[in-house]
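Trainee: Input: one structure, supplied below.
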Amino acid sequence: MTKKHIRTSIFLVIMVLCSYGCNSESPTAKEATKMSINKEAFGTTPDGKAVDLYTLTNANGLKAEIMTYGGIVTKLQAPDRNGNFADIVLGFDSLDEYIKGHPYFGAIIGRYANRIAKGKFTIDGTEYTLATNNGRNHLHGGIKGFDKVVWNAKELKTEQAVGVELSYRSGDGEEGYPGNLSCIVTYTLTNDNELKIGYEAETDKPTIVNLTNHSYFNLAGHDSGSILGHELMLNADRYTLADDELIPTGEIKSVKGTPLDFTKPMAIGSRIEQVKGGYDHNYVINNLDGSLTLAASVYEPKTGRVLEAFTTQPGVQLYTGGFLDGSNKGKGAVYNKYNGFCLETQHFPDSPNKPAFPSVVLKPGEKYTQLTIYKFSVR
């Protein structure tokens, strides 16, 4: 073989090898090229603030749409066991529909999620009075809670995830709460089909904080009607007993032998007739150290979709949409009673007035942090 032939052969070998590896991207890089963040204008509030909509797409095609008004998850598209995608959260198509009023579809809730009895609490001997927007009690941050403000946004992207970081500064006295509270809520969509929601807050004055997300899920599709056939497991042996106004009495009771027991998978509707108005209860998660723990798992038999909720919080509110009455019409659907369920990870309702409950007081120099993960799969 001549030198020319040898050089040609070596060149061909190198070209073949490079075609398999030299110029190819790593699997991680390939995944990253499939992920995307898209930002678009979504309207303007009555006071002239522009609202943006961010669409997060992971490498598997899972999509989450989040707008800066209320930090609301407006759509969440996930595949069924046959690979067919559907939007699995209740909501609306336009900003105006959200502004007109709704039962907190997909929103960030704060400063205090759930109820505070009579809208009053005391810190260091000082009593504070909040709006009473749920009968004589305070609910979900008041008349203009975090669900009704426009958040600042920053895009985030790593090799395995895309996200949007939302920030808001709640001024001292806003809705009656003490202290200037700086909040960051980060939505991250990973290639493991997880929607991670990280919460942070700092204050310059002692205050109370309890943040959550209020998405209504229907794993068969937001427009598919009843969720009573969904099979639910809650990692909670106990719940906080509440009165007729859904204010905890302070007693923590076992779920054993009651229609509140979901320690083993059970259809949501199997005993719901025994529960007045359906489920709207705070469960005490079997989590003693505040580590990230499985709080709930939900399976929808027809589509095979599975939702697992993990959290560092001590409680989770199971709400089965008992107050939905058909007056909310969104994304081409009419939302009636039991058409969606919520898993609101949280501190317990009325904790500021229940010394035996885990504390929700945040002081200057401290940082409030919590993490909730909604993971989607099929079986």
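Rule-based calculations on the coordinates, nothing more; no lab input. Everything quoted here is computed from the prediction, not taken from an experiment. All Cβ positions, even for glycine, are placed from backbone atoms using ideal geometry, and neighbour counts span all protein chains on display.
Trainee: May I ask you to evaluate 6.51 cos²θ - 1.76 cosθ + 1.60, the Karplus curve with θ = phi - 60°, for each residue of the stretch 260-276 and list the ³J(HN,Hα) values in order in whole Hz, giving x for glycine and proline?
Mentor: Once θ is set to phi - 60°, the couplings for the stretch 260-276 become 8, 7, 10, 5, 10, x, 8, 4, 4, x, 5, 9, 5, 5, 7, 10, 4 Hz.
Trainee: Could you rank the peptides 46-56, 328-338 by their average count of other C-beta atoms within 10 Å per residue, with the highest value first?
Mentor: 328-338, 46-56
Trainee: Along the positive direction of the dipole of the chain (beta-carbon charges: Lys, Arg +1; Asp, Glu -1; about the Cα centre), which of N133, G340, L294 reaches farthest?
Mentor: L294
Trainee: Run the numbers for N82 and A356: contour at 0.36 nm per residue of separation, minus the present Cα-Cα distance, in nm.
Mentor: Extra length available between N82 and A356 comes to 93.9 nm.
Trainee: In addition: Could you please report the charge total around Y374, scoring K, R as +1 and D, E as -1 over all other residues with beta-carbon less than 15 angstrom from its beta-carbon?
Mentor: -2
Trainee: Here are several values of Rg and Dmax of the Cα atoms in Å: (1) 20.3, 63; (2) 21.0, 68; (3) 23.6, 97. Which one was derived from the coordinates shown?
Mentor: The value matching this structure is (3).
Trainee: For the pair T249/L288, report the inter-label distance in nm, with labels modelled 7 Å from Cα in the Cβ direction.
Mentor: In this crude label model, T249 to L288 measures out at 2.7 nm.
Trainee: Hey, can you grab everything whose amide H is under 5 Å from the amide H of W151? Only 5+ residues off in sequence or another chain; H modelled, so Pro and N-termini drop out.
Mentor: Under 5 Å from the amide H of W151: Y69, G70, G71.
Trainee: I need the calculated FRET efficiency for the pair E97 and K302, taking r as the beta carbon distance and R₀ as 25 Å, to the nearest 0.05.
Mentor: For R0 = 25 Å, the calculated efficiency reads 0.35.
Trainee: Rounded to whole Hz and in sequence order, give me ³J(HN,Hα) for the stretch 192-205 from the Karplus expression 6.51 cos²θ - 1.76 cosθ + 1.60, θ = phi - 60°, writing x for Gly and Pro.
Mentor: 8, 6, 10, 9, 8, 10, x, 10, 9, 7, 9, 9, 9, 7
Trainee: A further question on this structure: With 21 Å as the limit, write out which pairs from K144/K331; K256/K337; K100/K329; K75/K100 have Cα-Cα distances beyond it, or answer none.
Mentor: The answer is K144/K331; K256/K337.
Trainee: What are the ³J(HN,Hα) couplings of the stretch 66-77, residue after residue, when phi is run through the Karplus curve with 6.51, -1.76, 1.60 and θ = phi - 60°? Round to Hz, x for glycine and proline.
Mentor: So the Karplus estimates, Gly and Pro as x, are 10, 10, 6, 6, x, x, 7, 7, 8, 8, 8, 9 Hz.
Trainee: At a Förster distance of 51 Å, what's the computed FRET efficiency of S167 paired with K256, Cβ-Cβ distance as r, to 0.05?
Mentor: Calculated transfer efficiency: 0.75.
Trainee: Okay, which of the stretch 161-186 sit inside 20 Å, backbone N to the point 7 Å along the Cα-Cβ direction of K49?
Mentor: 164-186
Trainee: E366 to K154: FRET efficiency via 1/(1 + (r/R0)^6), r the Cβ-Cβ distance, R0 22 Å, to the nearest 0.05?
Mentor: The pair E366/K154 has a calculated efficiency of 0.40.
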